[in-house]
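Data first, discussion second: the structure below is written as structure tokens.
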Amino acid sequence: MPGTELEVKFGDIFLGFGSLAGIHYNLENIIVSFIQAKDKGYGLGCMLPYVQFFAMMYASSFSQLHSDYPIYFIVLCGFYLTWLTAIFNLNSTSGARFDWIFFEPAVYLLIVYFDHAKFMDRNTAIYCYVGFFGVTILRYLMLMSNIVRQITTNMNLRFLLVKPTNLKKQE
Amino acid sequence: MSRSGDLTKQELENIKAFRYKTCGLTPLEIYVYEPYWNFLANHCLPDWLAPNALTLLGLVFPLASLIVICVLDPTFTQTLPCWVWFLAWFSDFWYQTIDAIDGKQARRTDNCSPLGQILDHNLDQITFTCMMVATCSVLCLGDDIVRVLLITPGVMSAHYSIEYRTHFTAIHQTVIGFIGPTEQLLLV
């Protein structure tokens, strides 16, 4: 960068643009929705799991394993967010209230704390993270299979087969 | 609704009555992608292919890309061979195409249902995680948590904010100004 000793790489330009666009995108969605929310307390509550997700991402950096395997922490938090978003999406579709109190991030933060404070060795920490990830995946798959089963039964739908009908060609 | 997905009778009725409302397309989608997506949906997809099966197919390459990067670059510090970047690019393109044409296939075969919408949005979030991993690897972010957190809203977690908006406005708003997921994916 002219006038400074700062070296700006192409990746940094992408990172700067990407983060600004992403933050703007998220903030607009959140602010517009919050303004429209009739129950502001509930609106704030629904944001808590999102904040907890970022806390999980940040806390991951304190793990003994983070410098060796940062990718697995992103995958772990990403799949947790997938489960969370699935529940939120289902609540919106079914017109139900979103129960925004989640204890899973607290469990995760506790694991990271014990890992960071070296109350457990690396192997035990790996088992804990793998266990957390496994439980998250299992709950997500159970949630989805349960939803698919209920909706297909109730609406008489086929999941992976087309119903025999005349085709409508789209212009 | 419970966390295990047990729905009440009323909630099932609400799902049955649910009508998906979304925002308009961006200029890039209208003039560049839409003709291509329509061509694929109308001329390349077999009639027996269920839209939900198509949606699930969209996950194949992003997951393959995720597994490859997990194996080859778990530290986000390696310079990966070109075929890995090609796979990452192709998985983005594949996902984007499938995501766009599964709805068209549903309308064409008269198989539209709220289940398709639920499945589609769920798999979106899995794909965003795969893209996040690819982006961190491309940028060689290592264990730099600040940079990882900076790109998270744009790449991985935007879907939650979209769901948040959908929950309170009943409109699935993915486009803001002239920028939407298509532009974002093109950039990535």
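Before anything else, pin down the relative contact order of the stretch B:92-180: Cα pairs under 8 Å, at least 6 apart, normalised by residue count, whole percent. All intermediate terms of the calculation are to be shown ahead of the outcome.
Working: 33 pairs, mean separation 17.5, N = 89.
Relative contact order here is 20 percent.
So for the pair A:F159, B:L186, with labels modelled 7 Å out along Cα→Cβ, what separation do we get in nm?
Those two pseudo-labels are separated by 3.7 nm.
Which of rounded, prolate or oblate describes the stretch B:25-170 when judged by the alpha-carbon gyration tensor and an a/c cut-off of 1.5?
Values: a/c = 2.14, a/b = 1.55, b/c = 1.38.
Note, shape of the stretch B:25-170 comes out prolate.
Taking the number of other C-beta atoms within 10 Å as the exposure measure, put B:H167, A:H24 in order starting with the fewest. Each step should come with its number before you reach the end.
On the way: B:H167 20, A:H24 15.
Result, fewest neighbours first: A:H24, B:H167.
Of the residues B:G58, B:G142, B:G103, which exhibits the maximal mean-square fluctuation in a Gaussian network model of chain B defined by a 10 Å Cα contact cut-off?
So, out of B:G58, B:G142, B:G103, the one fluctuating most is B:G142.
Which of the pairs A:K40/B:K16; A:K40/A:K163; A:K163/B:K9; A:K40/A:K118; A:K38/B:K21; A:K38/A:K163 have their Cα atoms more than 32 Å apart in this structure? The partial results should precede the final answer.
Details: A:K40/B:K16 28 Å; A:K40/A:K163 43 Å; A:K163/B:K9 24 Å; A:K40/A:K118 41 Å; A:K38/B:K21 20 Å; A:K38/A:K163 40 Å.
As for pairs spanning more than 32 Å Cα to Cα, those are A:K40/A:K163; A:K40/A:K118; A:K38/A:K163.
The stretch A:1-61: which GluC sites (Glu not before Pro) are DSSP loop and have at most 11 other beta-carbon atoms within 10 angstrom?
Numbers: sites: A:E5, A:E7, A:E28; in loops: A:E5, A:E7.
Here the sparse-neighbourhood loop sites are A:E5, A:E7.
Give me the dipole magnitude in Debye, nearest 20, for chain B about the Cα centre, with unit charges on the beta carbon: positive for Lys and Arg, negative for Asp and Glu. Don't skip to the answer; put the middle values down first.
Numbers: 10 positive and 17 negative charges, 75 e Å.
Charge dipole, chain B, about its Cα centre: 360 debye, nearest 20.
Taking the beta-carbon count within 10 Å as an exposure proxy, list A:L15, A:L48 from fewest neighbours to most.
A:L48, A:L15
To the nearest 20 debye, what charge dipole does the stretch A:40-155 have about its Cα centre, counting +1 at the Cβ of each Lys and Arg and -1 at the Cβ of each Asp and Glu? The partial results should precede the final answer.
Working: 6 positive and 5 negative charges, 57 e Å.
With Lys and Arg at +1 and Asp and Glu at -1, about 280 debye.
Extension gain B:A64-B:L12, at 0.36 nm per residue separation less the Cα-Cα distance, in nm? Numbers along the way, then the final one.
Details: separation 52, 0.36 × 52 = 18.72 nm, distance 3.46 nm.
Stretched fully, the B:A64-B:L12 segment lengthens by 15.3 nm.
In what sequence do B:V138, A:V8 fall when counting other Cβ within 10 Å, fewest first?
Working: B:V138 19, A:V8 10.
In increasing order of surrounding Cβ atoms, one gets A:V8, B:V138.
Sorted by average packing, counted as other Cβ atoms within 10 angstrom per residue and highest first, what order do A:59-65, A:76-82 take? Please list the in-between numbers first.
Working: A:59-65: 19.0, A:76-82: 24.3.
Result, highest mean Cβ count within 10 Å first: A:76-82, A:59-65.
Throughout, read-outs are computed from the coordinates displayed, never taken from laboratory work. Everything numeric in this text was worked out from a predicted model, so none of it was measured. When we count neighbours, we look across all protein chains shown, and the Cβ atoms used for this are built from the backbone with ideal geometry, even at glycine.
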